[in-house]
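Values in this text are rule-based calculations from the coordinates and carry no lab data. If you're wondering where the values come from, they're calculated on a predicted model, not measured in any experiment. Here the Cβ is made from the backbone with ideal geometry for all residues, glycine too, and neighbour counts use every protein chain on show.
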Amino acid sequence: MADDRLTRTFVELADTLVAGFDVVEFLHMLVDRCMELLDVSAAGLLLGDSHDQLRVMASSAENIHLLELFQLQNHDGPCLDCYLTGEPISHPDLRVAADRWPMFAPAATESGFRTVHAVPMRLRSQVIGALNLFHTEPNALAPEVTQIGQAMADVATIGLIQERALHHQHVLVDQLQTALDSRVIIEQAKGIIAERHGIDPGAAFTLMRVYARNHGQRLTEFAAAIIDGTTAITKFLPSAPAATPGV
Amino acid sequence: MTETTRADRVWGVVTAYAEALGVPVSLRSLCQAAAARLPVSAVAVSVRSGRVVSEVLCASGSLSRELEELQLTVGEGPSLQVLVGGPLVLVGDLDCAESQARWPLFVPAAVQAGARALFALPLRVGVIRVGVFILYADHPGQLPAEELAEAWVFAEFARRLVLDEQAGIGTPEGYPVDWLSDSRPEVHQATGMISVQLGVGIAEAFSRLRARAFTEGRPLSTVAAEVVARRRRFDPDHTAREGV
């Protein structure tokens, strides 16, 4: 059964790649599939920017605590280690990992996570980012989970970097930069929607994804239209979920 | 930051260059440092200025200023292309038929002036088109991978200096990644929220947010987080007020 779903997922992802996709939507879809296919509690995809700072491109929940946990890894954490070494990094119990990651381990434990795993997004010899998986139980990531995780990270890399266009390093730099920029455009639009409708940014993001998908629009283009004021966002307000307090 | 990152190295080059000149870090000294560090002969920063498409903010030498102004005169060229929203432009061989066909007015004059290659990198924050960072070389050839990566970091610092100038913020003292960091999602979410609160464009909102963080001497991300958590609003009368 799991194999069937896995096959379908990869077919679906391959279709997305062909169809001309939105990079942020694609990465979010990939993180969503990770959550369905793998027995994990949270997942996030991070890309390195020109400063070698890790930046969140997609996350299984847009809640501020989870995002903070990814961001924190610019100081220490499995994602940073994974990004710097290009090797997968795991820890079976974060409660005893404070020596290794003095900032990250206590924060992750505080958020209820026990097992952590990070797999590299690798293009030939270059590491461009990492996929981060969390579980609330200790010793909770089986080897096949990490194998599938690596396969997902590879798909993400292929999706980000269109190989056939990759004759030169500058194309890679441009594509990574464009991806990071798309994410910023979406954050700006989330803020506008959140403020206009009194909802939190996570709910605003869900609205944007649903709307863009229903209207066959690319997420980033839709976000840009929101910012330009060329899209009337009141159109989809009736289906707006209520603000989630405290998130 | 314990180990040396590319950003550390480039910032080191930028500050050392300014120190050697006995001036604070500025766009001008940054362009000069980039021209000295990278295998190019001239560097310029142009920005969009109101309805005028481009204004040369800074240039490392007369060649780059001349070529930037040339684009304005003839109404075409790589910087203009980037300023109106195009992707980065990397031309390893300017003196060829393909480049001529691309910019028939700009290229002959640029070649005449001595340019053989150019690399124009967009300066952006999401939808905000801040400007363009352009490097001109007097010999043909693409920038090698590491040099291109360094050029991006120079461009990133240039972007921040342009934004600082627009927000009326002074020259940064230290490594700007700390409190000027705008890589965090809440900074951009807050920008969107502030644009609605003030009824202004996204670029103006971003400028207000940065100016506010600067005058309070607090990290940009902290002020942004307060806005996102709705503990702080920006009022149209230019003041930010606590609570709601």
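What is chain B's relative contact order, in percent, from Cα pairs under 8 angstrom and six or more apart in sequence?
The normalised contact order for chain B reaches 15 percent.
Most fluctuating residue of B:Thr73, B:Thr191, B:Thr15 in a GNM of chain B with Cα springs under 10 Å: which is it?
Looking only at B:Thr73, B:Thr191, B:Thr15, the largest GNM fluctuation is found for B:Thr73.
Please get the size of the charge dipole for the range B:185-242, origin at its Cα centre, with Cβ charges of +1 on Lys and Arg and -1 on Asp and Glu, quoted in debye to the nearest 20.
That gives the range B:185-242 a dipole magnitude of about 100 debye.
Excluding A:Arg218 itself, what net charge comes from residues whose Cβ is under 9 Å from its Cβ, given Lys and Arg +1 and Asp and Glu -1?
That sum, taken over residues with Cβ under 9 Å, equals -3.
Could you tell me the center-to-center distance, by alpha carbons, between the range B:97-124 and the range A:172-192 in angstrom?
28
Other chains' Cβ within 10 Å of B:80-87 residues: what's the mean?
1
Just flag the trypsin sites (Lys or Arg not before Pro) in the range A:8-117 sitting in loop per DSSP whose Cβ has no more than 16 other Cβ atoms within 10 Å.
Sites meeting the loop and neighbour criteria: A:Arg100.
I need A:Thr206, A:Thr231 ordered by Cβ neighbour count within 10 Å, fewest first.
Ascending number of Cβ neighbours within 10 Å: A:Thr206, A:Thr231.
Partner chain Cβ atoms within 10 Å, averaged over the residues of A:48-55 - can you pull that number for me?
Mean shielding by partner chains, rounded to a whole number: 6.
What does the charge dipole of the range A:179-239 about its Cα centre add up to, to the nearest 20 debye, if the Cβ of each Lys and Arg holds +1 and the Cβ of each Asp and Glu holds -1?
Taking the Cα centre of the range A:179-239 as origin, the dipole is about 220 debye.
Measure off 7 Å from each Cα along the Cα-to-Cβ vector at A:Met103 and A:His75, then give the distance between these two points in nanometres to one decimal.
0.4
Summing +1 for each Lys or Arg and -1 for each Asp or Glu, what net charge is found among the other residues whose Cβ lies under 13 Å from the Cβ of B:Leu135?
Net of charged neighbours comes to -2.
With the Cα gyration tensor of the range B:6-167 in hand, convert its eigenvalues to equivalent ellipsoid semi-axes via √(5λ) and list them largest first in whole Å.
24, 18, 14
For B:Asp95 and A:Glu87, what is the calculated FRET efficiency with R₀ set at 60 Å and r taken between the beta-carbons, to the nearest 0.05?
The formula returns an efficiency of 0.85 here.
Summarise the partner chain shielding of B:124-130 as one whole number: the mean count of Cβ atoms from other chains within 10 Å of each residue's Cβ.
Across the residues of B:124-130, the mean count of other-chain Cβ atoms within 10 Å is 6.
When you take every Cα atom in the range A:68-128, what is the radius of gyration, and what is Dmax, the widest Cα pair distance, in Å?
Rg and Dmax of the range A:68-128, Cα atoms, are 11.5, 36 Å.
Can you give the log10 of the normalised intensity I(q)/I(0) at q = 0.07, 0.08 Å⁻¹, computed with Debye over equal Cα scatterers of the protein assembly as shown?
For the protein assembly as shown at q = 0.07, 0.08 Å⁻¹, log10 I(q)/I(0) is -0.38, -0.50.
Return one number: the angle in degrees, 0 to 90 and rounded to the nearest 10, between the long axis of the Cα atoms of helix B:6-21 and the longest principal axis of the Cα atoms of chain B.
80
How large is the charge dipole for the range A:2-160, taken about the Cα centre, if only the Cβ atoms of Lys, Arg (+1) and Asp, Glu (-1) carry charge, to the nearest 20 debye?
240
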